[in-house]
Structures are given as C-alpha cells and as structure tokens.
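Comments concern the structure below.
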Amino acid sequence: NNQNHVIPGNYVSVVVVMIPLPAQGHLNQLLHLSHLLSSYDIPVHFVGSATHNRQAKLRRVHNDETSHPIQFHDFDIRPYPCPPPNPTATHKFPSHLIPSFTAAANHLHRPLATFLHTLSSKAKRVVVIHDSLMSSAVQGVDTISNTESYTFHTVSAFAVALHSLERQGLFIGSSNDKTTTLYDGYFPKELNVASMEECFPKEFLEFIGSQFRQLPKKGAGKIYNTCRVIEGQSLEVIERVEPQFRHWALGPFNPVKISSSMKSCSSHSCMAWLDQQEPRSVIYVSFGTTTAMKDEQIKEIAIGLARSDQKFIWVLRDADKGDVFDVGKVRKSKLPEGYKHLIGDRGLVIRDWAPQVEILSHWATGGFMTHCGWNSCMESITTGVPVAAWPMHSDQPRNMVLMTMVLRVGVVLQVWRQEVVTADAVEEVVRKLMVSEEGEEVRKNAEKLGNVVRQSVEDGGESRRELEAFIAHITR
Ligand code: UDX
C-alpha cells in the first residue's frame, strides 16, 4: 500500500509530477524514473495526452505488480497536428513530428498549471520533473507555492556538455563543414563531433532554441539519465559551465540484472531462440523508434547480415511509422524476396516491438548494431554489450563519439554519413564487432564497464548514493 498517494483531502509531504515529451525514447526514460521514485514510496503523477499516456503504458517494460502504481493523467488537449512524413525530405530526422512536439508543449501549459495549483494545496512540496524540450508547458511553475522544478535531459551528459559549450561559444575552429573542434581544456581536441546543423534540421534547432530559452529561471536543478562512472568527465564540464544549478546523475534508471541461468523466462518467442544459441554469438540489430528506412537501405542491411555469416535478431519496423501518434499511412518495410528462406534459422526478423533489454541481457547476445539513441546506449552499457554504431540524427552522432572514442565500447560504421549504406559496409562492421581482434577488445571494455555500472547501483555504490541523496533532497 502506498500511503503517500494523493487522495482528495489528504495532505502528503512530497509529490512528483513528470512532464514528458511525447516521443517514445523520451517517454520511456521518465517512466523508468517514475518507477524508480515510486519504489521509494513517493507518489508520482505522469502527465500528458490520452494518446501518449496510452503509448507509454503499452510500451512500458516494468512489471507493475512489483512497483507502486504511477498515476497517469490524461489531459484533454486537442489532438496534435501530425502530417504524414515528407517523402522528399533530405534529413533523416523525423521532421513531420515537430508540429506535434510544439503543440504538446503549448497545449499542456494551462491544464497543467491548474493541476499543479490543486496539488500544491495538498502537499508540502510538489516536485516537477520536465523534459528539457517541454519548457513551454511549465512556464510559471516556479511561482506556484511549494513547487520546485527540475529539467530532465533525455540525452547523454556528453551531448548536453557539448551543447552547453556551443551555446557559450566555447568551440574553436571547424575542420570542415560537418565537424567542429572542441575547446581545449574541456575535452580532448582530437575528438571531432558532428555539428548541430548536421544532427538536426533547421526547424528542430529552432524548437530546441525556443524550449531552452523558456527553461524555468529559478529551476531547482537538472537531472540526467547517466551516472558518474560512465560520464563523470562530461558531468564535470556541465558543472563548470552551469554552476548555478545542482546537477543530478540518477541513472541508469533501468538497472538490468544479467541472468546466468541458461534458460530465459520471457514469453517472447525470440528468447526461446536465443536460448538455443552459443554464448555471445548473436548480434542484435535495432535502430530505435524514430528511424524510418527506405526499401533500398533495408535490402542492403538484409544482404549484409546474410553475408556476415553471424547469427542475428533484427528489429525491422514499418518504414514510416510514427510511434506516438497515428501518423496516417504506414508503409510496410519490405524484405527481399525469399529472404527468410535464405537465412533459415540463422536470423530472426522481428516486425514489432522487441524486448530489447531482455535481449541485451541474454548471454547469447554478443553485439548490438544501434543508431546510438541514448536509451539504447545506456542499455548496452549496463548489459556490457559492445556496439556497432550507425547514428542517424539528433544526439546520436555525438553519442557515437562517446561510445566508440571516449568509452571505447564500440566500433563505428565508417560510412554512416552516406545516403545509403551498402551491404558490404554492413557485413564488414558486423564481422569487425563479432569476430575480429578489435571486436574482442571493445567487448572486454564493454563487459568491464557493464560490471562497474551494475556495481555502482548496488547498495553503497556511487550511483545508488547519488539517487538516495536526490530522494533525501526532495523529501527534506
Ligand atoms: C530518441 C532519440 O532518437 C534518441 O537519440 C534520444 O536520445 C532519445 O529519443 P529513439 O530513437 O527512440 O530515441 O532511441 P532510443 O533512445 O534508443 O530509445 C528506444 C527505446 O525503445 C529503448 O529503451 C529500447 O529498449 C526500446 N525499444 C525499441 C524496445 O524495447 N523494443 C523495440 O523494438 C524498439
């Protein structure tokens, strides 16, 4: 029984309100954090539209029987305008979703303010944790009595640190159009990262800019889904650049347990298939929830995987599927004819939602071909699985640098900038990760880092202590 949950008329000491951006990779993280906080008997309210709350509930990976219930609040805000994807778009970023983000942030503002006023009269303290891209929704929260707000970054601390340095003009030089050189004294100079213009289309940079300009002035702090044993250096840079805020690294939000048992307990059919494989012999291939690929690209991946001679699980989502919204027509991703017959029992193609964390935690999984979305990076780090990095857009090209050059837990698909990556390149990177000396080295690094991270969330570990300090801080 959660004594603390807000029942009309009851007074509680602290209550947390989560404001996620309605995109799957963002929702997931605040949901995990919600479960983590509610496991400390803190009441958590998860706020959004009916559509995105339904999506969050559908896709959550937690077992509710073991957690305290989170209260979902569906505000009746107008459906977000969401035109179908533009087939002629040149950027890989899903730009068609931008209007829905802007609308979500704006439309939530009023109903949220009313809700917070009501809560603040029933609680000693209301703690608002909002996605950094939902600042318009939380305008003015600092003026509500008993209320304090925390900005939550869904990307790596590395990406946040670089962006903070950029905003302060602390970059020097530019080796070519696509990369910028980091200011000496913060990160090694030789770490070349993709420019923001390469990572995001202009209209999304404008959206980021507008949300950052509206960040609460008197924000109580910033929260990251990372921990100091992974990103201590980046967190120090952020603390130097933004000393006015307290920065909390509370991750990993979704600590994984590696099972040594030879038989997995999950009901998904791919787990029974994994149980039949050799240790560390399978590469898991998945590109998150926003990557839409052309048929031509899907064909090259299919052939590359087939030729690599490695076992694989490939999550192949439908080409233009927007995850949170009903985007209209969905173009079915096509596999080459006769493909299933060609690969036989050597590979599985999953056409819907895969149990990613369970797959990565399985002893038969030895590599992860990923777009380097931050959830996927954190999940591969905590499970100790090395990556073949193929970034698409957003923070992903920068996460790739973190994973492969800073942490050295992955290899790069060198030609990721090309419009279509060939089957040869896919085959080469799969073999490099799974059966080369370089692959073996990054595997050892990944396993070592995974152990360190898992230890840090145990009782007395560094990450656990920071989380407990945060809990003590908000329940003070
Ligand atoms: C987006 C951005 O792309 C990413 O760069 C940013 O850091 C967060 O928002 P997304 O592209 O969805 O994220 O990728 P990722 O961050 O990796 O999140 C995907 C999540 O969905 C992961 O937690 C993954 O475990 C889960 N997932 C995805 C599944 O469990 N099963 C699937 O089949 C696909």
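The values are calculated or read from the model by the stated rules, or taken from the named source; none is laboratory data. Here the structure is a predicted model, which means the values were calculated and not measured. All Cβ positions, glycine included, derive from the backbone under ideal geometry; neighbour counts span all protein chains shown. Keep in mind that these areas ignore ligands, DNA and RNA; they rest on the heavy atoms of the full protein, side chains included. Shrake-Rupley method; radii C 1.70, N 1.55, O 1.52, S 1.80 Å.
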Considering amide H positions built from the backbone, and no H for Pro or chain starts, which residues 5 or more places from C372, or on another chain, come under 5 Å of its amide H? W390
What are the ³J(HN,Hα) values, in whole Hz, obtained from phi via the Karplus relation 6.51 cos²θ - 1.76 cosθ + 1.60 with θ = phi - 60°, for each residue of segment 117-129 in sequence order, with x given for Gly and Pro? 4, 5, 4, 5, 7, 10, 10, 5, 9, 10, 10, 9, 10
Which GluC sites (Glu not before Pro) in segment 342-434 pass both tests, a DSSP loop state and at most 12 other beta-carbon atoms within 10 Å? E419
Just the accessible area for F93, please: 1.4 Å probe, Å², rounded to the nearest 10? 20 Å²
Extension gain (nm, one decimal) between S121 and D74, 0.36 nm per residue minus Cα-Cα: 14.8 nm
Calculate, in nm to one decimal, what R213 and E441 gain on full extension: separation in residues at 0.36 nm each, minus their alpha carbon distance. 77.8 nm
At most 16 other Cβ within 10 Å, DSSP loop - trypsin sites (Lys or Arg not before Pro), segment 358-462: R408, R417
Pair A272, W353: separation of 7 Å Cα→Cβ label points (nm): 2.1 nm
How much area per residue is accessible in segment 322-462 when the probe is 1.4 Å and only protein heavy atoms are counted (Å²)? 42 Å²
Residues with amide H under 5 Å from that of W314, placed H, sequence gap 5 or more: V285, L348, V349, I350
Evaluate E = 1/(1 + (r/R0)^6) for D424 and A472, where r is the Cβ-Cβ distance and R0 equals 51 Å; express this FRET efficiency to the nearest 0.05. 0.40
Just read off the accessible area of Y186 with the full protein assembly in place, 1.4 Å probe, to the nearest 10 Å². 40 Å²
Roll a 1.4 angstrom probe over the protein heavy atoms and tell me the percent of accessible area of segment 330-420 that is carbon or sulfur. 54 percent
